[in-house]
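Have a look at the structure below before the remarks.
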Amino acid sequence: MSEGTALWWQSGTVYQIYPRSFMDSNADGIGDLPGITEKLDYLGWLGVDAIWLSPFYPSPMADFGYDISNYVDVDPIFGNLADFDKLVEAAHARNLKMLVDFVPNHTSDEHAWFKESRSSRDNLKSDWYIWRDPKPNGDPPNNWLSNFGGSAWQFDKVRQQYYLHLFDVKQPDLNWRNPDVVKAMLGVMWFWFDRGVDGLRIDVIYLLFKDEALRDNPPDPNWKEGEPNFDQQIKKYTEDQPEMDSIILEMRKVADEYPERVLIGEIWLPYDRLVRYYGAEQNGLQLPFNFQLLLLTDWQASSVRQLVESYEAVLPIGAWPNWVLGNHDKSRVATRLGQAGARLAQLLLLTLRGTPTLYYGDELGMTDVKIPPELARDPQEKGSPGHGRDPERTPMQWDASANAGFSSTGASTWLPVAPGYQSVNVEVEKADPASMLSFLHELLKLRRENPALNTGSYRSVAGSSPACFVYEREGGGKRFLMALNFSGQLQTLSVNEPGQNQGKIIISTHNRREGVADLSNLELQVAEGVVIEL
Ligand code: GLC
């Protein structure tokens, strides 16, 4: 990329907010939009560039907002449209872009469209959802499973038919083969772009189409006892269908009616299938989410290097990369990798080539919170016990006061606050130069100030130790070398940089600041990562 041509969503960093858990401004124990507005100065200070909000639309909250009963309003729990407008204005005033969640695969069963659709077999919206007759013996039309457990089909007494729900029974799947559905959903995109949002994160976009013949999904031979039931099948006929190609182009056309809008797709597919979502001529989604770091179980230098290299190799020319380390559906990074591992992972995230997405609270080293069964909220926990997502959705930890400063409610917050919040919170960590927060703050600043790190080129570098991952970024007349020790032992590296044997340590996960680094004899502590300016 030539200098100065990068777009904001290429050079910037995205920060995901789960609105229920960020800041509660009205003491009801649930976060809301005015709460987020109150905390924008914090995000400005932290140094992120864009905020993505998980859903805040009217919803019966069967899946905490991913079951939408009206796409063009705000649920009273979170405020109203005027609060949203204020939030966008305040974010823009701080140079923060605003992204919202767009959930096109399914609505709530309480959406007016579904109420009409289910009322008879011949109403105007009768074909807006996926309805099918039972098998002659009364069974569901095929073997498809819901992500939240059990069959993906629900029998409806009025229509005497089944409807499809790939998620909760209260989340009927829309029929994207119906042009009226397409029109209505593109209209939702226009609505939010007209309201000033800078981009959309599109929920499970790779699921929009299902096999028209409704063929059974084959069993997955790799499924193991204890894994979610849903994963017993290969989703051959319920994901990534051929019809996707044209719909992403249509969505992109809507985004392109506005300047510099971005479409991010939630797509859980391996790289070879993920890249399709960029569109054949980069005219699809600009950022199909790359979740491989989030899914990696083998946290070692060789596997991470392999991931990065296979991604770089498969990206079409002109396609912009991206990396994700945490979100509201997966265990937190500090729980998956421990605090030291999380620091190393953040250094990786913020120095790789591609747009990084951070999950709220990960900048503090927040960990998953064990939720007692009687307080479980997530439908996935109810359908697949032990696989729920409540632990990574607990309230943001602002300070050491009651409820971690998240809420002044006298009752309980919607999910419990983490037990260790008195020491893991924004106020305490801001004051501690060795904290995770101070580290992230410094790293984000370094990334933002250096084109080499935000939009520069990437090159993997041979090092003498297979336990370390070493790579270089270059741009804006500067070169940086990253050396990350993934092992549990001290490592001494000799880095092969032609014509250069010294560099300057700019930042380290271990707060090391001795300045000069000898590239032929570079010592790295256990789980240490360093950024060296060459
Ligand atoms: C996506 C969301 C998840 C939600 C599901 C259904 O995977 O990230 O939270 O439950 O879609 O909308």
Exception for I205 within (1) away from the ligand (no atom under 16 Å from the Cβ); (2) closer than 16 Å to L263 by Cβ; (3) among the aliphatic types (A, V, I, L, M) falls at (1)
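Among the listed residues W52, W45, identify the single one that is over 21 Å from D85 (Cβ atoms), modelled with pLDDT of 95 or more and not in a loop (DSSP other than H, G, I, E, B). It would help to see each step written out before you state the result.
Working: W52 fails: over 21 Å from D85 (Cβ atoms).
Checking each option against the conditions leaves just W45.
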Scan (1) within 15 Å of the ligand (Cβ to nearest atom); (2) touching an Asp or Glu at 6+ places or on another chain (Cβ under 9 Å) for the single condition G149 breaks and write down its number.
-> (2)
Strands (runs of 3 or more DSSP E) wholly inside the range 444-532 containing at least 3 residues that are within 33 Å of the chain's Cα centre (by Cα) = 457-460, 468-475, 478-485, 502-508
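Going residue by residue through the range 159-181, is there one that turns out to be loosely packed, with under 15 Cβ neighbours inside 10 Å, in contact with a Pro (Cβ under 9 Å, 6 or more places away or on another chain) and modelled with pLDDT of 95 or more?
Filtering the range 159-181 for residues loosely packed, with under 15 Cβ neighbours inside 10 Å gives 160, 177, 179-180.
After this cut, where a residue has to be in contact with a Pro (Cβ under 9 Å, 6 or more places away or on another chain) as well, the list is 160.
Still in the running and modelled with pLDDT of 95 or more: 160.
Within the range 159-181, one or more residues are loosely packed, with under 15 Cβ neighbours inside 10 Å, in contact with a Pro (Cβ under 9 Å, 6 or more places away or on another chain) and modelled with pLDDT of 95 or more.
How many residues, within the range 416-434, are in contact (Cβ under 8 Å) with a residue 60 or more places away in the chain and surrounded by fewer than 22 Cβ atoms within 10 Å (Cβ to Cβ)?
Looking only at the range 416-434, we keep the residues that are in contact (Cβ under 8 Å) with a residue 60 or more places away in the chain, and these are 424-426, 429, 433-434.
Okay, now just the ones that are also surrounded by fewer than 22 Cβ atoms within 10 Å (Cβ to Cβ), so 433-434.
Looking only at that region, the number is 2.
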Output for the range 152-192, where each listed residue is within 16 Å of the ligand (Cβ to nearest atom) and in a loop (DSSP other than H, G, I, E, B) | A152, H165, L166, F167, D168, V169, K170, Q171, P172, W176
Inter-residue pairs, beta-carbon under 8 Å, first not assigned by TED's automatic domain parsing to the domain that holds F406 and in the range 34-50, second among the small types (G, A, S) and in a loop (DSSP other than H, G, I, E, B), 6+ apart | none
Look through V100, V88 and report the one residue that is within 20 Å of E260 (Cα to Cα) and part of a helix (DSSP H, G or I).
-> V88
When residues of the range 164-196 are limited to those that are of a type in the set (A, V, I, L, M) and under 25 Å from the mean Cα position of the chain (by Cα), the one nearest to D67 (Cα to Cα) = V169
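The values are calculated or read from the model by the stated rules, or taken from the named source; none is laboratory data. Only a predicted model underlies this, so the values are computations on that prediction, with no experimental measurement involved. Backbone-built Cβ (ideal geometry, glycine too); neighbour counts: all protein chains shown.
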